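Novice: Below is the structure I would like to discuss, written out as structure tokens.
The values are calculated or read from the model by the stated rules, or taken from the named source; none is laboratory data. Since the model is a prediction, treat every value here as computed from it, not as a measurement. All Cβ positions, glycine included, derive from the backbone under ideal geometry; neighbour counts span all protein chains shown. All accessible areas refer to the heavy atoms of the entire protein, side chains included, with ligands and DNA or RNA removed. Shrake-Rupley method; radii C 1.70, N 1.55, O 1.52, S 1.80 Å.
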Amino acid sequence: MTATIEKGHLLRADIIKKLYYRSPLSLTELSKLTKKSLPLVTKVVNGLVQDGYVCEQGLAPSTGGRRASLFLLNPEMQRYIVSVAMDQLTARMVIYDLSNTIVLPIKTLELSITDDPDAVDKLVSFIYENIEASGIDKEKLLGIGIGMPGFISVEDGVNHSHLKTKDGSHLGKYLTAKLGLPVFMDNDSSLIAMAELNFGAAVGKRDVMVANIGWGTGLGMIVNGQLYRGSSGYAGEFSHIPLSNTNNLCSCGKRGCLQVETSLLVMTQRAKAEIEAGAATSMRELFKDQSRNIGELFLEAASQYDPLAVSILSDAAFLIGKGLATLIHIMNPECIVLSGRGAIAGKILLPPIQQAINEFCIPRIADQTSIVLSELAADAELLASASLVIEHSHFNN
């Protein structure tokens with residue numbers, strides 16, 4: 001009996017996950033996706049309707065027979081998800097409902113995770129204060145999903161690169177204890193790839209590379225329709241491919257890493273140096289705005305076609321394209337998605353990346369790989385951080 005109940009709970013959670021990603025769906029579609037019988041799926045869906053998690057939306061388009069009922073997650077179900085997206089210098093947070101509607105607008109905290117010894121406690125305060133400000137009953141929160149840079153053991157809740165706790169405990173366990181909610185975390189580039197697979201440009205595709213362009217330069221790989229993590233869970237360290245011609249030392253301690261010429265941090269540093277050298281650019285005035293993140297200001301200047309910003313971004317994009325050309329030969333993907341916060345620079349990124357691929361990639365392979373800009377861009381990590389909670393929730397009541 002216990003095993004039967006457990007299987008019922010697992011199917012219940014699986015149906016909610018399917019509706020979270022692909023809603024609305026018919027009972028037949030849910031049966032195929034969960035690989036369970038139609039009568040069993042119908043029984044579980046009816047239970048979810050009674051509990052308020054699922055509601056009927058209407059009827060599917062006619063295919064000649066009886067029109068099937070469509071189901072979706074109930075937008076009035078008062079269950080919420082805290083989503084946090086972090087990079088090296090900034091933490092952003094929102095609260096979503098189960099239909100991915102934002103109920104607490106984006107909050108931002110400037111936070112250096114590499115050299116601030118109090119970063120973990122500042123993160124705890126940031127999340128706690130915003131949950132309190134939202135006015136949402138804590139019991140209605142399913143959990144907290146956090147995307148962040150670094151070598152992360154997803155199951156253990158450990159970031160081996162950043163955010164060390166003062167008592168030496170695992171980061172995930174520490175945050176769970178401090179915040180009183182389940183906390184789930186994953187690498188930012190892996191999450192961005194998952195967001196594109198479930199909500200964005202990689203939906204329905206099987207072999208995709210997702211470039212995360214931000215304060216670092218990351219990569220998530222979709223292989224056979226699933227996120228590829230590698231044997232130890234650390235696949236996708238794109239930024240540490242030795243393609244830089246400079247002698248600059250990378251944060252990893254090695255020289256020649258792609259990241260030392262392609263991260264937003266390096267781009268803004270170069271922009272500052274050019275401004276100090278007397279370059280004519282709109283960034284001279286933009287950078288005086290201390291209330292906004294300098295990376296956002298740089299991307300804004302590039303989006304408005306400031307010549308210096310475009311030049312700096314194009315140089316970095318060409319090197320990213322060179323790295324992608326190397327990976328195209330290895331993976332032969334059907335698509336490359338340019339995502340992450342840097343993707344808001346839009347079409348400026350495409351020509352230099354395509355130029356590098358044309359120059360360094362075998363045409364027969366390159367011609368079968370499309371390059372597209374993410375429509376999720378800066379929201380990708382937030383959406384995927386929320387889905388972390390969905391993936392780990394049981395929905396037993």
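Novice: With (1) open to solvent by 80 Å² or more (accessible area, probe 1.4 Å); (2) touching a residue at least 24 places away in the same chain (Cβ under 8 Å) as the list, and L349 as the residue in question, which single condition is left unmet?
Specialist: (1)
Novice: Looking at the stretch 1-110, what helices (runs of 4 or more DSSP H) fall wholly within it and have at least 2 residues that are of a type in the set (S, T, Y) and surrounded by 14 or more Cβ atoms within 10 Å (Cβ to Cβ)? Working first, answer last.
Specialist: Working: elements: 2-22, 27-34, 38-50.
Helices (runs of 4 or more DSSP H) meeting the threshold: 2-22, 27-34.
Novice: Moving to a separate point now. Suppose we filter S263, S244 for residues that are within 17 Å of I353 (Cα to Cα), in contact with a Gly (Cβ under 8 Å, 6 or more places away or on another chain), among the small types (G, A, S) and surrounded by fewer than 24 Cβ atoms within 10 Å (Cβ to Cβ); which single one remains? Spell out how you get there, then give the answer.
Specialist: Numbers: S263 fails: surrounded by fewer than 24 Cβ atoms within 10 Å (Cβ to Cβ).
Sole residue among the options that is within 17 Å of I353 (Cα to Cα), in contact with a Gly (Cβ under 8 Å, 6 or more places away or on another chain), among the small types (G, A, S) and surrounded by fewer than 24 Cβ atoms within 10 Å (Cβ to Cβ): S244.
Novice: Can you go through I131, I113, I152 and tell me which one is of a type outside the set (S, T, Y), at pLDDT 95 or above and open to solvent by less than 60 Å² (accessible area, probe 1.4 Å)? So that I can check it myself, show each step before the final result.
Specialist: Numbers: I113 fails: at pLDDT 95 or above; I152 fails: at pLDDT 95 or above.
Only one candidate passes the filter, namely I131.
Novice: Return only the number of the condition from (1) within 26 Å of E261 (Cα to Cα); (2) modelled with pLDDT of 85 or more that S161 does not satisfy.
Specialist: With respect to (1) within 26 Å of E261 (Cα to Cα); (2) modelled with pLDDT of 85 or more, S161 is out only on (2).
Novice: Additional query: Determine, yes or no, whether S169 is in contact (Cβ under 8 Å) with a residue 60 or more places away in the chain, surrounded by 14 or more Cβ atoms within 10 Å (Cβ to Cβ), out of contact with any Ser or Thr (no Cβ under 8 Å at 6 or more places or on another chain) and not basic (K, R).
Specialist: Working: in contact (Cβ under 8 Å) with a residue 60 or more places away in the chain: no; surrounded by 14 or more Cβ atoms within 10 Å (Cβ to Cβ): yes; out of contact with any Ser or Thr (no Cβ under 8 Å at 6 or more places or on another chain): yes; not basic (K, R): yes.
Spelling it out, it is not the case that S169 is in contact (Cβ under 8 Å) with a residue 60 or more places away in the chain, surrounded by 14 or more Cβ atoms within 10 Å (Cβ to Cβ), out of contact with any Ser or Thr (no Cβ under 8 Å at 6 or more places or on another chain) and not basic (K, R).
Matching residues to (1) buried (at least 24 other Cβ atoms within 10 Å of the Cβ); (2) modelled with pLDDT of 90 or more; (3) in a loop (DSSP other than H, G, I, E, B):
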residue	(1), (2), (3)
L191	yes, yes, no
N198	no, yes, no
R206	no, yes, yes
S232	no, no, yes
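Novice: For the stretch 115-161, which positions are in contact with a Pro (Cβ under 9 Å, 6 or more places away or on another chain) and in a loop (DSSP other than H, G, I, E, B)?
Specialist: Matches in the stretch 115-161: S161 only.
Novice: Tally the residues that are open to solvent by 40 Å² or more (accessible area, probe 1.4 Å) and either in contact with a Gly (Cβ under 8 Å, 6 or more places away or on another chain) or at pLDDT 95 or above (or both), restricting the search to the stretch 283-306.
Specialist: We begin by selecting, within the stretch 283-306, every residue open to solvent by 40 Å² or more (accessible area, probe 1.4 Å); these are 284-285, 288-292, 294, 296, 300, 303-305.
Checking the rest, the ones that are also either in contact with a Gly (Cβ under 8 Å, 6 or more places away or on another chain) or at pLDDT 95 or above (or both) come to 303.
Summing the residues that are open to solvent by 40 Å² or more (accessible area, probe 1.4 Å) and either in contact with a Gly (Cβ under 8 Å, 6 or more places away or on another chain) or at pLDDT 95 or above (or both) in the stretch 283-306 gives 1.
Novice: Counting only residues that are more than 18 Å from L383 (Cα to Cα) and free of Cβ contacts under 8 Å to residues at least 40 places away in the same chain, which one in the stretch 208-230 is most open to solvent (accessible area, probe 1.4 Å)?
Specialist: Applying the filter and picking the extreme gives Y228.
Novice: Note down all Cβ pairs under 8 Å where the first residue falls in the stretch 29-51 and is within 15 Å of L10 (Cα to Cα), the second is open to solvent by 60 Å² or more (accessible area, probe 1.4 Å) and part of a helix (DSSP H, G or I), and they're at least six residues apart or on different chains.
Specialist: S31/L38; L33/R22
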